[in-house]
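Data first, discussion second: the structure below is written as structure tokens.
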Amino acid sequence: MLMVRSMALQGCRAILIDKDNSPKWNPAELEQVTPEMVECYFAELGEKDNELKLPIHREISSPRSRF
């Protein structure tokens, strides 16, 4: 999942921060994507990643509570 996070950050950087609309993807070309890179998105989750943990209500701060 590290690859997904870095690609998302690169896209945000290019659009929101530098506003150059020129993300620097890695790999730069679609042809450079290996089967192993694709397979990691479809791999089974590890033992500690098998449960979705949602925050309970009191852990969520409401924007209204700041005013």
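What follows draws every value from the coordinates through simple rules; no lab data is involved. Just so you know, these numbers come straight off a predicted model, no measurement behind them. Note that we place each Cβ from the backbone using ideal geometry, even for glycine, and neighbour counts take in every protein chain shown.
Once phi is turned into ³J(HN,Hα) by the Karplus curve 6.51 cos²θ - 1.76 cosθ + 1.60 with θ = phi - 60°, what whole-Hz value does each residue of segment 40-46 show in order, with x for glycine and proline?
Taking θ as phi minus 60°, the curve returns 5, 6, 10, 5, 5, 6, x Hz for segment 40-46.
What distance in nm separates the two pseudo spin-label positions at Leu45 and Ser6, each 7 Å out from Cα along the beta-carbon direction?
Computed distance between label sites Leu45 and Ser6 equals 2.4 nm.
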